[in-house]
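The values are calculated or read from the model by the stated rules, or taken from the named source; none is laboratory data. Being a predicted model, the structure only gives us computed values, none of them experimental. Note: ideal-geometry Cβ built from the backbone for every residue, glycine included; neighbour counts use all protein chains shown. All accessible areas refer to the heavy atoms of the entire protein, side chains included, with ligands and DNA or RNA removed. Shrake-Rupley method; radii C 1.70, N 1.55, O 1.52, S 1.80 Å.
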Amino acid sequence: MKLLTFLSYVWLVLIGTSSLHAEVVSADLLIVGGNESACAAAVQAARLGVKKVLLVNDIEWLGGQFSAEGVGCPDEWTVVNNIRTNFPRSGLFLEVLRRIRANNSKTYGMPSPGNAFCGTETIEPAAAAAIFEDLVRPYVESGSLRIERGWQPIKVAVETGCVRGVEFERTQGGANRLQVNARLTIDASDWGDVIRLSGAKYGAGPDLKSRFGEASAPESFDDAGRQEMNPISWCMVLRETGGKPAIIAKPETYHPLSFAGLDKLAPWVDSDMSGGIYSPSGNSPYTHRRLVDRWHNGFAPGTEATFLNYPTQDYPLCQLPQRVVDALEQTEAGASKKNIVELTPTQRRIIFEDVKQHTLGMLYHLQTAVHDRVGDFPQSFRYMQLTDEFGTPDRLPLKPYVREGLRLEALYMLREQDIRAANRDPLWAKVLPTDGVFGFQFNIDFHPTRRGFVAGTKNGPWRNIHTPTRGWHTDTDRSTFPLRGLVPVEMNGLIGAGKNIGVTSVVQSAIRLHGQMMHVGQAGATLAWLSLRDDIQPRAVAGDLAKLRELQLRLVRGSGGPGILLWPWHDLAPDDLHFEAANMLAVRGIWQPDANSLFFKPDREMTRRELARLVARLCRALPDAKEWPRHDKPLYEDVQANDPDRACIEAMVSWGEFQPLASRFTPDGPASRATLAEWLKRLGLPVSNTLPTNGTRTLTRAEAAVHLWRALHLKGEWFPTRDTWLKSGNDDDQDNRPNEDDPLPFDRDNNNIPDRLQPS
């Protein structure tokens, strides 16, 4: 405490007398931002027992995409067996969805009242903000969490390469300052302002192909340069008026040519989305992200609501209109050429005002030109009005919907080739890092990143342009996000969250959804908790595989709520009794999924070869593991020399007391529960007293996972020398790729099975 007081004094001297009247606060963990990622981090940290958590938000509302950004229909979809379905839900995201469904059931008598094209769940933004307030309230009331609102960061105190604190100013102006001294800081802000102000390395805009070798990356920068990013959008939430016209005033920048894309499609279709999300017959601006469908659900008049987040309203952040360029240049020479993450909040607001004009222009076009073309129909936008739930003068959300921001230069940068799919039906990613902290999958999904002016003037109408390599619905596979992606490559005392994480621009387009961002915050807070508990830096946790495994276990088990899915099987849920075991064995490479199936298949019977493969890998994961044996001739007449599981079968029986051997192993016969008990006993591994020593009842995959994980957990496992594997230049698997740039640093052939677990 004395050290923090001294540092506060030194900091005040360095930054001048203007901050001498600042309120000075100390915290164990400072979280900057109030979006869904920040809230998840705050709740997770408080549940884990971090004593003093301080969350500082720039606005009143909590919840980010769910609430303040107005994106009340979360994207969750993936593709399984050529059918669109939701990605498996877990962690605090699942908890929030349960609260959303409970809120809707109470309000509308059903959990999912929207019948939206893009998703199965919907929530009105003000209701979402209340849900997030309820989520954090117990920890505020207990005193472990303090929330400050209406502050934005202006300075970051760094001492000997470590973030020590952040100074904030009022977002609405004034001389007040808030100075926070913290042992650790999580940056979950919209644009990564703490990371940028700290001097930590980061990226913004496209990565050149020469940097990461990504197929979709540009060879060089052109006139759009480093400003090209996934566009922002200002959403609009609309509710029916009861048949009265509610045409808004024509926005100053409106021109019908900017919205010509709306002139050849149906603005509304009569669809209850009974065919499932993304059914082609259900797509229209109105049904795209409908929040409440009273027409098909029989609700009372006045309840019908939708929100607009349609591609036509996307606002590219490069090739800006001349009026925006001129306004930015008046604030600072060269400001119009900067990436938005490098602008001040005041400069960003100049862009935001033009974004609002554009989005209101789209609403005006729907209410006038489009209505005049198609005439009256039950859900005409002419009879929809902006809701007043945000409390803003223009009735628009408090914030824009941000798809891409600052990208932390982290210990590992997840890149396109790590997650890219070979076809349209996602399976398993090429890289599934051993330090994965949550599973994810979403397409590489760029909305139009550029604009083209259509009337010869840069202040005139413009339209969105998709570049050839930056489109939507390009394919990815099931992936895991590495812990290293949260840790700065150099700076200490700092953890990335929200979109401020270690990914390339291409990958960020696939990891920006509501649930993914909550997982990022939950993982970051768990990292902070372990760092604070042991009084070490986050990079020391990332570099110590024993601590990494403890962190993963904490995430899987959950803390006052559902656990997080680390390994992205499609049929694994946090309530499953085998959830922990399946995740823990998979991240170690002991349990490998079927190459052509996303399903764990818990009730499927195990064969003897499958069980032998798992048991052999488990044995090799132990501290006192014996070397892989070599036999010139097969030990069993029904396990041929070229059998892919021969090495594991023969190793298992060689390591244990299996003599004398029978002539046949019967590898494809069913394994019984008694078989597992016998094998564990012969190998000197812990055997649960629930496993019978005799009997023929077959062993399911779920049962095998539970008992094998129990044996490993009780026996303990091998770890490489601590604190060395992330040191610069180390190459543990000798694949000529140093550990710090290797997503699989213990896996020479990069097949997601550590070398130690494979026959040499």
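Is it true that some residue in the range 515-530 is open to solvent by 10 Å² or more (accessible area, probe 1.4 Å), in contact (Cβ under 8 Å) with a residue 60 or more places away in the chain and aromatic (Phe, Trp, Tyr)? Scanning the range 515-530 turns up at least one residue that is open to solvent by 10 Å² or more (accessible area, probe 1.4 Å), in contact (Cβ under 8 Å) with a residue 60 or more places away in the chain and aromatic (Phe, Trp, Tyr). Restricting 463, 424 to those that are touching a Ser or Thr at 6+ places or on another chain (Cβ under 7 Å) and open to solvent by 10 Å² or more (accessible area, probe 1.4 Å) reduces the list to 463. Picking from 455, 369, which residue would you name as being among the aliphatic types (A, V, I, L, M) and farther than 30 Å from residue 223 by Cβ? When all the criteria are applied, what remains is 369. The single residue among 325, 370, 374 that is under 27 Å from residue 261 (Cβ atoms), buried (at least 20 other Cβ atoms within 10 Å of the Cβ) and of a type in the set (Val, Ile, Thr) turns out to be 370. Residues of the range 651-668 that are among the aromatic types (Phe, Trp, Tyr) and either assigned to a loop (DSSP other than H, G, I, E, B) or open to solvent by 70 Å² or more (accessible area, probe 1.4 Å) (or both): 658, 665.
Evaluation of residue 622 against the conditions (1) more than 20 Å from residue 713 (Cβ to Cβ); (2) surrounded by fewer than 23 Cβ atoms within 10 Å (Cβ to Cβ); (3) touching a residue at least 12 places away in the same chain (Cβ under 8 Å); (4) not small (Gly, Ala, Ser) shows that the sole unmet condition is (1).
Please verify whether the range 407-419 includes one or more residues that are under 17 Å from residue 524 (Cβ atoms) and of a type in the set (Val, Ile, Thr). Steps first, please.
The first filter runs over the range 407-419 and keeps only residues under 17 Å from residue 524 (Cβ atoms), leaving 407-414.
Those left that are additionally of a type in the set (Val, Ile, Thr): none.
For the range 407-419, residues under 17 Å from residue 524 (Cβ atoms) and of a type in the set (Val, Ile, Thr): absent.
The set of residues from the range 391-429 being within 17 Å of the chain's Cα centre (by Cα), under 18 Å from residue 63 (Cα atoms) and among the hydroxyl-bearing types (Ser, Thr, Tyr) comprises just one member, 401.
Just a yes or no: is a residue in the range 406-421 of a type in the set (Gly, Ala, Ser) and without any contact (Cβ under 8 Å) to a residue 60 or more places away in the chain? Don't jump to the end; show me each part of the working.
Taking the range 406-421 and keeping what is of a type in the set (Gly, Ala, Ser), we get 410, 421.
Adding the requirement that they be without any contact (Cβ under 8 Å) to a residue 60 or more places away in the chain leaves 421.
Checking the range 406-421: at least one residue is of a type in the set (Gly, Ala, Ser) and without any contact (Cβ under 8 Å) to a residue 60 or more places away in the chain.
Total residues in the range 703-747 satisfying the condition of being under 20 Å from residue 683 (Cα atoms), open to solvent by less than 40 Å² (accessible area, probe 1.4 Å) and of a type in the set (A, V, I, L, M): the figure is 5.
Filter the range 712-726 for residues that are in a loop (DSSP other than H, G, I, E, B) and touching a residue at least 40 places away in the same chain (Cβ under 8 Å) and give the result.
Of the range 712-726, the ones in a loop (DSSP other than H, G, I, E, B) are 716-726.
716, 717, 718, 719, 720, 722, 723, 724, 725, 726 - these are the residues of the range 712-726 that are in a loop (DSSP other than H, G, I, E, B) and touching a residue at least 40 places away in the same chain (Cβ under 8 Å).
Let's see how each residue does on (1) in a strand (DSSP E or B); (2) closer than 20 Å to residue 403 by Cα:
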residue	(1), (2)
301	no, no
307	yes, yes
312	no, yes
320	no, yes
327	no, no
330	no, no
341	no, yes
349	no, yes
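With the condition kept exactly as written, say whether any residue in the range 593-610 is outside any loop (DSSP other than H, G, I, E, B), buried (at least 24 other Cβ atoms within 10 Å of the Cβ) and among the polar types (S, T, N, Q). No, every residue in the range 593-610 fails to be outside any loop (DSSP other than H, G, I, E, B), buried (at least 24 other Cβ atoms within 10 Å of the Cβ) and among the polar types (S, T, N, Q). Filtered by the rule that a residue be open to solvent by 10 Å² or more (accessible area, probe 1.4 Å), touching a Lys or Arg at 6+ places or on another chain (Cβ under 9 Å) and within 19 Å of residue 156 (Cβ to Cβ), the range 21-51 gives 22, 23, 25, 26, 28.
Filter the range 59-75 down to residues that are part of a loop (DSSP other than H, G, I, E, B), surrounded by 23 or more Cβ atoms within 10 Å (Cβ to Cβ) and either among the aliphatic types (A, V, I, L, M) or at negative phi (or both), then give me how many there are. Qualifying residue count, the range 59-75: 9. Can you tell me which of 404, 416, 409 is open to solvent by 10 Å² or more (accessible area, probe 1.4 Å) and modelled with pLDDT of 95 or more? The unique qualifying residue is 409.
Mind counting the residues in the range 291-322 that are within 19 Å of residue 448 (Cα to Cα) and either buried (at least 17 other Cβ atoms within 10 Å of the Cβ) or small (Gly, Ala, Ser) (or both)?
Within the range 291-322, the first condition is being within 19 Å of residue 448 (Cα to Cα), and the residues that meet it are 308-321.
This time we only want the ones that are either buried (at least 17 other Cβ atoms within 10 Å of the Cβ) or small (Gly, Ala, Ser) (or both), so: 308-310, 312-321.
So the answer is 13.
The residue that is farthest from residue 386 (Cα to Cα), counting only those in the range 220-242 that are in contact (Cβ under 8 Å) with a residue 24 or more places away in the chain and among the hydroxyl-bearing types (Ser, Thr, Tyr), is 233. If the condition is being among the small types (Gly, Ala, Ser) and closer than 29 Å to residue 396 by Cα, then the range 219-234 contributes 224, 233.
What residue, among those in the range 384-401 that are part of a loop (DSSP other than H, G, I, E, B) and under 16 Å from residue 499 (Cα atoms), is least open to solvent (accessible area, probe 1.4 Å)? Outline the logic, then answer.
Step one: list which residues in the range 384-401 are part of a loop (DSSP other than H, G, I, E, B), which gives 387-400.
Cutting the leftovers down to under 16 Å from residue 499 (Cα atoms) gives us 399-400.
On the way: 399: 24, 400: 7 Å².
Ranking the candidates gives 400 first.
For (1) open to solvent by less than 40 Å² (accessible area, probe 1.4 Å); (2) assigned to a helix (DSSP H, G or I); (3) closer than 30 Å to residue 163 by Cα, each residue gets a yes or a no:
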site	(1), (2), (3)
180	yes, no, yes
214	yes, no, no
219	no, no, no
229	yes, no, yes
239	no, no, no
243	no, no, no
264	no, no, no
270	no, no, no
275	no, no, no
